[in-house]
Structures are given as structure tokens and as C-alpha cells.
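A.B. asks: Here it is, the structure, as C-alpha cells.
The values are calculated or read from the model by the stated rules, or taken from the named source; none is laboratory data. Worth saying up front: this structure is predicted, and the values here are computed from it rather than measured. Cβ placement follows ideal geometry from the backbone for every residue including glycine, while neighbour counts extend to all protein chains displayed. In case anyone asks, the SASA skips ligands and DNA or RNA and just uses the protein heavy atoms, side chains included. Shrake-Rupley method; radii C 1.70, N 1.55, O 1.52, S 1.80 Å.
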Amino acid sequence: MNKKKWIQIAAVYAVIYTVITLLNSILYLANGIYEDPSGNWHELDRAIILLIGVTAYELCTNLPVKPLPLRYLIAYVPSQLLVFLYVWFSGLQEELAQTAYRDIWINFTGLFILLCVVNTIICMRKRKKR
């Protein structure tokens, strides 16, 4: 990968992390919670899980596998398992919420699907231009 691609990946990572963090803060404030109850560990967890997600997206866009749904599945399954493993390791440090695995599955899968839809649209537009 060239330097421009690494800068683009870092920029996407930073923007998504910022949006997720701001949304989380807004939701907490709207519910009357003025401090993140999970503290700094929660921020680090979010950063690591997002890194796994961005890496999975890069796999989705760069794996030389066709058709697209198979490429998405090949990237999704190991990355989701890695996220579950990370959550499990987090549980060794502090007690997990009862819905921790469900919550991370919903959040990770939702963002993954959204990014796959965006990638599919981009691929379709590239094909039409050819």
C-alpha cells in the first residue's frame, strides 16, 4: 500500500471514531449521565474494536475474491470472532454487562453492513463507468 492509502485509512478511522464518540456522549447527556460510567477503558475498547472493523472493511474492499457477498463473508466472520474474543478478554478485566455480546454484535454488524452497502454502491458505479 502506498502512503496516500495509509493516510486515507487513518482519516476514515479518525472520522468514524470521532462520530461514534460524539454520538455516545450526546446519548449519555440526553439521558442525564454527565460522565461515562466506563471511563477511559471504554474509549480504548472503542478504539480497538473500530480498528478491527476498519481492517475488516479494508479486507472487504481489497480481497481478490468474487462474488462480493462471499468476499464480505470472508472478511466478516473472522473479524466478528476477533471482536467477540476481545470482549471476552475485556471481561477478564472487569465484569461485562449481561448484554455485552449482543450489543457488540449489533453495533459491529450494523456498521459492517453499512460499509458493505457503501462499498457495493461504489463498485456498481465503477462498473457502470466502464
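A.B. asks: Which ³J(HN,Hα) values in Hz, rounded to whole numbers, follow from the phi angles of the stretch 78-94 under the Karplus curve 6.51 cos²θ - 1.76 cosθ + 1.60, where θ = phi - 60° and Gly and Pro get x?
C.D. replies: Values, residue by residue: x, 5, 5, 5, 5, 5, 4, 4, 4, 4, 4, 4, 4, x, 6, 7, 8 Hz.
A.B. asks: Two-decimal Rg/Rh of the stretch 31-78 from alpha-carbon positions, Kirkwood Rh?
C.D. replies: 1.26
A.B. asks: Which pairs, out of 5/126; 66/126; 3/66; 4/126, put more than 22 Å between their alpha-carbon atoms? Working shown, then result.
C.D. replies: On the way: 5/126 18 Å; 66/126 16 Å; 3/66 27 Å; 4/126 20 Å.
Beyond 22 Å between Cα atoms: 3/66.
A.B. asks: If you filter the stretch 9-76 for GluC sites (Glu not before Pro), then keep DSSP loop positions with at most 15 other Cβ within 10 Å, what is left? Kindly include the intermediate steps, with their values, before the conclusion.
C.D. replies: Details: sites: 35, 43, 58; in loops: 35.
Here the sparse-neighbourhood loop sites are 35.
A.B. asks: With a 1.4 Å probe and every protein chain left in place, tell me how much accessible area residue 87 has, in Å² to the nearest 10.
C.D. replies: 10
A.B. asks: Ignoring ligands, DNA and RNA, what percent of the 1.4 Å accessible area of the chain is carbon and sulfur?
C.D. replies: On the way: 6500 of 9420 Å².
Here it works out to 69 percent.
A.B. asks: Would you report the distance distribution of C-alpha pairs in the stretch 1-57 as whole percents per 10 angstrom bin, up to the bin with the largest distance?
C.D. replies: Distribution as computed: 21, 45, 24, 9, 1 percent.
A.B. asks: Let me ask you something else. Residue by residue through the stretch 55-62, what is 3J(HN,Hα) from phi via Karplus (6.51 cos²θ - 1.76 cosθ + 1.60, θ = phi - 60°)? Round to whole Hz and write x for glycine and proline.
C.D. replies: 3J(HN,Hα) across the stretch 55-62, in whole Hz: 4, 4, 5, 4, 4, 4, 8, 10.
A.B. asks: Taking only the alpha carbons of the stretch 62-130, what extent do you get along each of the three principal axes, in Å, biggest first?
C.D. replies: That works out to 53, 19, 14 Å along the principal axes.
A.B. asks: Could you give the radius of gyration (one decimal) and Dmax (whole number) of the Cα atoms in the stretch 1-107, in Å?
C.D. replies: Computed over the Cα atoms of the stretch 1-107, radius of gyration and Dmax are 15.8, 48 Å.
A.B. asks: Just reorder 89, 108, 84 by solvent-accessible area, largest first, 1.4 Å probe, all chains present.
C.D. replies: On the way: 89 110, 108 15, 84 60 Å².
Most to least solvent-accessible, the answer reads 89, 84, 108.
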